[in-house]
Amino acid sequence: MERKIKVLLAKLGLDVHNRGVITVAKELRDAGMEVVYIGNALPEQIVAAASQEDPDLVGVSSLGGAHLSLGQMLIDQARAAGLAPETVFMIGGVFSPADAQKLKDLGFAGVFPPGSGRDEIVGFVRQAVAASPASV
Amino acid sequence: MASTKPTTKEILARAAGEPGAPLYNPQALAQIKAGFETWRESSVRPADREAWAQAPATVLGSEIPRNMLYTPLDVADLDYARQLGNSGQAPFTRGVHANMYRGRRFTRRQLAGYGGPEDTNQRIKFLLDHGATGISIIFDLPTIQMYDSDDAIAAGQVGMSGVAIDSVEDMDRLFAEIPLDQVTVSLVTHYPSNSALLFPMFLALAEKRGIPWAALKGSIQNDVTLEEVVRSGPEYIPPRDCFRIQCDNMEFIRRNVPQWNFQTLNGYNLREFGTSAVTEMAVALANLVESLEELIGRGLTADDLGQRAAFFWSIGNDFFEEVARIRAVRRLYGRIMTQRFGVANPRAAWMRCHVQTSGVSLTRSEPLNNVVRAGFHALAAVLGGAQSLHVDSFDEAYSVPTEEAALLSLRTQQIIETETGVCEVVDPLGGSFYLEALTNELESRILDELAEIEQKGGYVAAVESGWLQTRIRDYFHRERERMEKGEIRVVGENAYLSEVKPPEISVFEYPEGVEERMKARLGELRLRRDNAAVEAALKGLEDACRGGANLLPASVQCARVLCSEGEMFKVFKRAFGLWRPPALW
C-alpha cells in the first residue's frame with residue numbers, strides 16, 4: 001500500500017487572507033493526504049512545527065506581499081534548524097512573475113499564483129514527494 | 001441556542017398593514033396572462049420552455065433562477081408608492097436623494113496604502129491631483145493586525161499591502177499637506193479593535209492641527225465580521241468583547257464626531273472571502289440590528305444612529321443581480337429603520353453605501369481582461385445608486401496596483417461619470433419587469449437569511465458558534481468545485497483559453513527600507529516621549545476595558561500621549577483574553 005503523504009500548511013506571518021490555504025488543505029485531504037494546518041505562523045514557528053510533525057511537504061500561503069522576505073526566512077531557518085533536507089517546500093499566493101522565479105530560486109519547488117487548479121496542486125505534491133530522496 | 005424573540009421578518013410582516021394600490025389592473029393582468037400562455041405554447045421552443053428558469057453560473061453568484069422573459073405577471077402586485085416610491089422618498093428603493101447623481105456624483109474614492117506614511121501620502125496626492133474626490137487608506141499587515149513595526153511578529157511585512165502606522169506621528173506624516181476638514185477620509189480599519197486604536201490617532205491629529213472633531217467627515221469600518229470571521233490572524237479577542245468595542249466606537253463617535261460614519265458594515269470582505277450576494281447583506285444587517293439594540297440600550301436613539309450607519313458592498317459579475325441587490329437592501333434597510341426601529345428622520349432610513357468592484361472576480365491570466373470586468377462592476381454599482389466607488393485595478397493578482405493601474409481605475413470611474421450619460425437619470429432600470437422581480441426576490445432572500453441568523457440567537461451567537469464561518473466555508477468549497485468542473489466559466493481562466501501569451505505587465509515594487517525606517521522612528525519615539533504619561537494612559541485604557549464604561553476616551557488619551565498601536569493592543573489582549581475561532585477546513 002502507498003504511504004500516506006503528510007503535508008504541513010501555514011499562513012505565512014500576518015497575512016489576513018486564508019480562503020486559498022483552506023481550499024488547498026481540503027483538496028489535499030480529499031486526495032488522501034494527511035494535512036496539518038497550523039494557521040498564521042512565523043517562519044520559526046513553521047520550522048518548529050515541521051520538526052515535530054516531520055511532514056513530506058511544507059506549504060505556505062502569502063497574499064500580502066511578504067512572500068520574499070518571509071519566504072527567505074523560512075528556507076534559511078529550515079536549513080539552520082537542520083530540517084530534513086528531503087522536505088519539499090511550496091508556496092501559494094499573489095506574486096509577480098519575477099518574484100515567482102525568485103521564490104523558486106530560494107528553494108520553493110512549487111509556486112502557485114492565483115488561478116492554480118486543484119489537479120495542478122495535488123499533482124505537484126504527489127510528484128514532488130515521490131521524487132524527493134526520502135521516498136526512493 | 002434558538003431564540004424566541006420575533007425575527008425582523010416577522011416584525012416587518014406585522015407592520016405591512018393594509019393592502020396598497022397595485023400598479024397593474026386585474027383586467028390587464030388577465031389579458032397579459034392569457035396572451036403570455038398562448039405565446040409560450042406557440043412561439044417558445046419546447047427546450048426553452050423546459051429550461052425556462054436558469055440560474056446564471058457566476059463567480060460569487062447567489063444562484064437565483066432567472067426566467068427567459070419577464071412580464072408584468074412577475075411583478076403583478078407591484079405597488080409603486082409602497083415598494084418603490086420616487087427617489088428620495090420612502091422606502092428609498094430608487095435612491096436616497098431626489099436628484100441622486102445630478103445633485104452629487106458618486107465619490108471617486110480609490111484605496112491607497114503601501115510602504116511608510118510618506119509613500120502613501122504621495123499616492124494620495126497623486127489620486128487627488130487626478131480628480132479623486134475622496135481618499136481611502138488601507139493599512140499594512142502589522143498595523144491591521146495591531147502590532148508595531150518593531151514587533152518581532154512584523155518582521156519582513158512592514159509596509160506590505162498597506163501603509164505602516166505606529167503612532168499619531170505617522171498619522172500626521174500620512175496626511176501631510178492634506179486638509180482634514182476638507183477631504184473626506186475613509187480609514188479602512190477593518191476591525192473594531194484597530195478602529196478603537198487608529199481612529200483615536202486621527203482624532204488626536206485633528207486636535208494637534210486645531211481642527212474641531214465636528215468638522216471631520218469620513219468613515220471607519222469597525223465590523224466584528226471582519227475581525228472574527230473574515231480575518232486570518234494569530235490572535236483574536238472573544239466575539240462578545242469585540243462586539244462591545246464595536247459598539248463603544250459607534251457610541252463615542254456618534255456623540256463626539258457628529259459627521260463621521262461610525263461604522264461601515266463591510267459586506268465586501270465577507271463576500272470576497274467567499275459567500276453569496278445574499279449572505280453578504282444578511283450578515284451586515286444582522287450585525288446592524290444587534291448593534292442598534294445595544295446602543296439604544298445605552299441611551300442613543302435609532303433616529304440619531306441611523307444617520308451615520310454606512311455600508312460597503314462587493315459588486316461582482318452577475319450584472320442585474322448586483323444592480324437589483326443594491327436597490328433591495330436599500331429598501332430593506334429603509335423598512336427596518338422605519339418599521340422595526342420607528343425612525344422619524346428620513347436620513348436615518350437611508351442606506352448609504354460605498355462599493356468596491358470585486359477583486360476575487362478578477363484573474364491573473366490575461367490581466368487586461370480585468371479592466372473590462374471592473375468596468376461592468378462599476379457600472380452596476382452606479383446603476384444601483386451607490387454613493388461612493390473604488391474600482392479594482394487589473395494588476396491586483398500580481399501585487400499592489402502600480403500608479404498607472406491605479407490611474408486607469410480612477411479613469412474608469414470618470415468615464416462612467418462623464419461620458420456615458422448614466423448619471424442624468426435616477427434609477428434608470430427601475431420599473432423593468434426583470435429588475436423589479438429580481439429586487440423583490442433578493443430582498444426576500446436577504447430577509448430570510450437575516451431571520452435564520454436571528455433564530456440561531458442573533459449575530460454574535462452566529463459568530464461565536466462558528467455557524468457563520470461554516471456557511472462561508474461551504475459556499476467557497478462549492479464554488480471551487482463548480483470552477484473545477486467548468487460549471488462556472490471565466491474567460492482566459494477556464495473558458496476560451498488562448499495559446500497566445502499576453503504581453504507582460506509592469507508590476508508594482510515596494511519601496512525599499514521602509515521597515516528599517518519605521519523601526520528606527522518608533523525606537524526614537526519611545527525614548528523621546530513622556531513615558532510616565534504613556535504608562536498612565538495605558539493603565540487608564542486597561543481600567544476602561546475591564547470596567548463597563550466606553551473605552552474610547554481612554555484610547556484617545558493613549559493616542560495623544562504617543563502610545564503605539566501595539567502597546568494598546570497588548571492592553572486589549574490582557575483585559576479580554578484570547579479566543580480561538582473554529583477551524584474552517
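The values are calculated or read from the model by the stated rules, or taken from the named source; none is laboratory data. The structure presented is a predicted model; accordingly, all values stated were derived computationally and were not measured. Cβ sites come from the backbone with ideal geometry, for glycine too, and all protein chains shown count toward neighbours.
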> Applying the selection to the stretch B:255-285, what residues are more than 12 Å from the chain's Cα centre (by Cα) and either surrounded by fewer than 22 Cβ atoms within 10 Å (Cβ to Cβ) or not in a helix (DSSP H, G or I) (or both)?
Replying inline: B:R255, B:N256, B:V257, B:P258, B:Q259, B:W260, B:N261, B:F262, B:T275, B:S276
> Does B:V158 satisfy the condition of being in contact with a helix residue (DSSP H, G or I) (Cβ under 8 Å, 6 or more places away or on another chain), within 14 Å of chain A (Cβ to nearest Cβ) and not hydroxyl-bearing (S, T, Y)?
Replying inline: yes
> Under the condition of being part of a strand (DSSP E or B) and among the small types (G, A, S), which residue from the stretch B:125-142 is farthest from B:G159 (Cα to Cα)?
Replying inline: B:G134
> So, in the stretch B:207-240, of the ones that are surrounded by fewer than 19 Cβ atoms within 10 Å (Cβ to Cβ) and part of a helix (DSSP H, G or I), which residue ends up nearest to the other protein chains (Cβ to nearest Cβ)?
Replying inline: B:R240
> Quick one: what pairs do we get from the stretch B:471-487, first residue in contact (Cβ under 8 Å) with a residue 12 or more places away in the chain and facing another protein chain (nearest Cβ under 10 Å), second polar (S, T, N, Q) and part of a loop (DSSP other than H, G, I, E, B), C-beta under 6 Å, 6+ apart or different chains?
Replying inline: B:I472/B:T275
>> If A:G115 satisfies all but one of (1) within 9 Å of chain B (Cβ to nearest Cβ); (2) in a loop (DSSP other than H, G, I, E, B); (3) in contact with a helix residue (DSSP H, G or I) (Cβ under 6 Å, 6 or more places away or on another chain), what's the number of the condition it fails?
In response: (3)
>> Being more than 14 Å from chain A (Cβ to nearest Cβ), touching a Ser or Thr at 6+ places or on another chain (Cβ under 6 Å) and assigned to a helix (DSSP H, G or I) narrows it down to one residue among B:A461, B:A451; which is it?
In response: B:A451
> What single numbered condition from (1) surrounded by 18 or more Cβ atoms within 10 Å (Cβ to Cβ); (2) assigned to a loop (DSSP other than H, G, I, E, B); (3) touching a His at 6+ places or on another chain (Cβ under 6 Å) fails to hold for B:Q110?
Replying inline: (2)
> Quick one: would you say B:A386 is modelled with pLDDT of 95 or more, over 24 Å from B:P65 (Cβ atoms) and out of contact with any Cys (no Cβ under 8 Å at 6 or more places or on another chain)?
Replying inline: no
>> Checking the conditions here, which among B:G316, B:G306 is surrounded by 23 or more Cβ atoms within 10 Å (Cβ to Cβ) and either of a type in the set (S, T, Y) or over 14 Å from the mean Cα position of the chain (by Cα) (or both)?
In response: B:G306
>> Can you list the helices (runs of 4 or more DSSP H) lying wholly within the stretch A:1-80 that have 3 or more residues being within 12 Å of another protein chain (Cβ to nearest Cβ), closer than 25 Å to B:G113 by Cβ and not hydrophobic (A, V, I, L, M, F, W, C)?
In response: A:67-80
> Do you know which residues across the stretch B:493-532 are away from chain A (no Cβ under 13 Å) and either assigned to a loop (DSSP other than H, G, I, E, B) or of a type in the set (S, T, Y) (or both)?
Replying inline: B:Y496, B:S498, B:E499, B:V500, B:R529, B:D530
> Using beta carbons and a limit of 6 Å, which pairs, at least six apart or on different chains, have the first residue in the stretch B:27-39 and farther than 13 Å from B:Y70 by Cα and the second one small (G, A, S) and at pLDDT 95 or above?
Replying inline: B:L29/B:A76
> Across the stretch B:132-155, what is the total count of residues that are out of contact with any Leu (no Cβ under 8 Å at 6 or more places or on another chain) and more than 9 Å from chain A (Cβ to nearest Cβ)?
Replying inline: 3
>> Of the conditions (1) surrounded by 23 or more Cβ atoms within 10 Å (Cβ to Cβ); (2) assigned to a helix (DSSP H, G or I); (3) within 14 Å of another protein chain (Cβ to nearest Cβ), B:A406 satisfies every one except a single condition; which number is it?
In response: (3)
> Taking the condition under 12 Å from the mean Cα position of the chain (by Cα), more than 11 Å from chain B (Cβ to nearest Cβ), modelled with pLDDT of 95 or more and within 26 Å of B:P401 (Cβ to Cβ), does A:F89 pass?
Replying inline: no
> Quick one: A:F108 ticks every box in (1) within 14 Å of chain B (Cβ to nearest Cβ); (2) surrounded by 21 or more Cβ atoms within 10 Å (Cβ to Cβ) bar one, so which box is it?
Replying inline: (1)
> For the stretch A:1-27, how many residues are basic (K, R) and within 21 Å of A:V129 (Cβ to Cβ)?
Replying inline: 4
